[in-house]
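Visitor: Starting off with a structure, shown below.
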Amino acid sequence: MRARHIEAFHAIYTTGSISTAARTLNVSQPSLSKVLKHAEDQLGFPLFRRVKGRLTPTDEAHVLFREVADVQQRLGSLRRTARNLRGGKGGHLRVAVLPSLGLGVAPAAIARFRKQHPEVTFEVMTLHHDEVPRALYERSCELAVAYDLAPHPQLNAIEIGVGEVVILFRRDDFPMLPRRLDLGWLQKRDIVGLSSSGPVGDLFATALAQRELPIKEVVSVQTFYLSAALVRQGAGVAVVDELTARASVEQANGVLDFRPLEPALKFSITAAHLEDRALSVLAKRFQQTLQTVLTETLG
């Protein structure tokens, strides 16, 4: 499919009408119909059929649209970047962060950065730990922030903060706890755990194994913020990263609280980019803003 085929197909699919799509693209209806027919001829199968007078996508169109939507999104990003560059303005940043960073730190950093650089636009994606390197390799993002990224010759990574593994709980359930908790405190408690491993989960699992401490995991989830939601509903206590805990406590209006462990289980918060693709000036500035917000958040 050529670019004009993709644009025409996307417009017709999303609007459900050739006439509406033609108005959206500011072209004539006969012209758009001709582009659609040419696209179908090139593909060798129809994209739409008339059913009771309505234009209905074929099964092939539904499958194709997933790819086309991604292409349109990237074209939109390209247009925004070109528009900003043409106007001598800031540009466009694509950033990937862990879900826990997306709860508070990343939004705060982006809001602060855009106050200083209102002409800059962002695309932000949240990824699990194992997905971060791939997003960088595939150039889906320019800058990625994760926990304890393993060294890799294709990545340039620096530490921008240090967090701790903490225990998140309902304040009313445990009103008189010390400032730090021994890992043994978790014995015989109902634990909300993670079904997939990552740096924080690995730290916790290693500490349990070293102490030979059995725990009772009553619910298993894939993300820390879901752990926090379950804790708030009284499903148990959760072992989470410090940033998830801080954001969850702030949002829970006094319902939740957290305690770090004794001895401390610490992990690195790392910003990374491709070794062969130096960060733009704007990306470097944003990384500095993110590091400042992290420092303020972690105290």
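Visitor: I'd like the full set of residues that are more than 20 Å from Gly184 (Cβ to Cβ), surrounded by 19 or more Cβ atoms within 10 Å (Cβ to Cβ) and either aliphatic (A, V, I, L, M) or without any contact (Cβ under 8 Å) to a residue 12 or more places away in the chain (or both), limited to region 231-244. Reasoning before the result, please.
Guide: The initial filter retains those residues of region 231-244 that are more than 20 Å from Gly184 (Cβ to Cβ), namely 232-235, 241-244.
Filter once more, so that each one left must be surrounded by 19 or more Cβ atoms within 10 Å (Cβ to Cβ): 241-244.
Of everything in region 231-244, just one residue is more than 20 Å from Gly184 (Cβ to Cβ), surrounded by 19 or more Cβ atoms within 10 Å (Cβ to Cβ) and either aliphatic (A, V, I, L, M) or without any contact (Cβ under 8 Å) to a residue 12 or more places away in the chain (or both), namely Leu243.
Visitor: When the residues of region 174-228 are narrowed to those that are among the small types (Gly, Ala, Ser) and surrounded by fewer than 16 Cβ atoms within 10 Å (Cβ to Cβ), which ends up nearest to Phe258 (Cα to Cα)?
Guide: If we filter region 174-228 for residues that are among the small types (Gly, Ala, Ser), which is where we start, we get 184, 193, 195-198, 201, 205, 207, 209, 220, 227-228.
Add one more test, that the residue is surrounded by fewer than 16 Cβ atoms within 10 Å (Cβ to Cβ), and what stays is 184, 195-197, 205, 209, 220.
Numbers: Gly184: 16, Ser195: 21, Ser196: 22, Ser197: 21, Ala205: 19, Ala209: 23, Ser220: 19 Å.
Filtering first and then ranking leaves Gly184.
Visitor: Are any residues in region 267-288 of a type outside the set (A, V, I, L, M) and either buried (at least 16 other Cβ atoms within 10 Å of the Cβ) or within 28 Å of Asp202 (Cβ to Cβ) (or both), and if so, which ones?
Guide: Selection gives Phe267, Ser268, Thr270, His273, Glu275, Ser280, Arg285, Phe286, Gln287.
Visitor: Could you tell me which of the residues Phe45, Phe113 is under 15 Å from Phe9 (Cβ atoms) and touching a residue at least 12 places away in the same chain (Cβ under 8 Å)?
Guide: Numbers: Phe113 fails: under 15 Å from Phe9 (Cβ atoms).
After applying the criteria, what remains is Phe45.
Visitor: What are the residues in region 1-56 that are within 23 Å of Asp70 (Cβ to Cβ) and of a type in the set (Asp, Glu), if any?
Guide: Hits for region 1-56 are Glu7, Glu40.
Visitor: Starting from residues that are in a helix (DSSP H, G or I) and among the charged types (D, E, K, R), keep the ones in region 1-55 and report whichever is surrounded by the most Cβ atoms within 10 Å (Cβ to Cβ). If you could, list the steps in order and put the result at the bottom.
Guide: First, pick out the residues of region 1-55 that are in a helix (DSSP H, G or I): 3-15, 18-25, 29-43.
Checking which are among the charged types (D, E, K, R) leaves us with 4, 7, 23, 34, 37, 40-41.
Values: Arg4: 14, Glu7: 21, Arg23: 15, Lys34: 13, Lys37: 12, Glu40: 18, Asp41: 9.
So, considering only residues that are in a helix (DSSP H, G or I) and among the charged types (D, E, K, R), the one surrounded by the most Cβ atoms within 10 Å (Cβ to Cβ) is Glu7.
Visitor: Now for a separate question. Can you name every residue in region 231-247 that is of a type outside the set (Gly, Ala, Ser) and over 21 Å from Pro199 (Cβ atoms)? Walk me through how you get there before you give the answer.
Guide: Filtering region 231-247 for residues of a type outside the set (Gly, Ala, Ser) gives 231-233, 237, 239-244, 246.
Correct list: Arg232, Gln233.
Visitor: So the check is Cβ under 7 Å with 6+ separation or different chains; which pairs have a first residue in region 134-154 that's in the same structural domain as Leu78 (by TED's automatic domain parsing) and more than 14 Å from Leu98 (Cα to Cα) and a second one that's surrounded by 12 or more Cβ atoms within 10 Å (Cβ to Cβ) and at pLDDT below 90?
Guide: Listed pairs, sorted by first residue: none to list.
Visitor: Pairs, please: C-beta under 9 Å, at least 6 apart or cross-chain, first residue within 19 Å of His62 (Cα to Cα) and in region 16-34, second among the aromatic types (Phe, Trp, Tyr)?
Guide: Pairs that qualify, where the first residue is within 19 Å of His62 (Cα to Cα) and the partner is among the aromatic types (Phe, Trp, Tyr), are Ile18/Phe48; Ala21/Tyr13.
The values are calculated or read from the model by the stated rules, or taken from the named source; none is laboratory data. Bear in mind the structure is a predicted one, so any value in this text is a computation, not a measurement. Don't worry about glycine lacking a Cβ; one is built from the backbone with ideal geometry, like all the others, and counts go over all protein chains shown.
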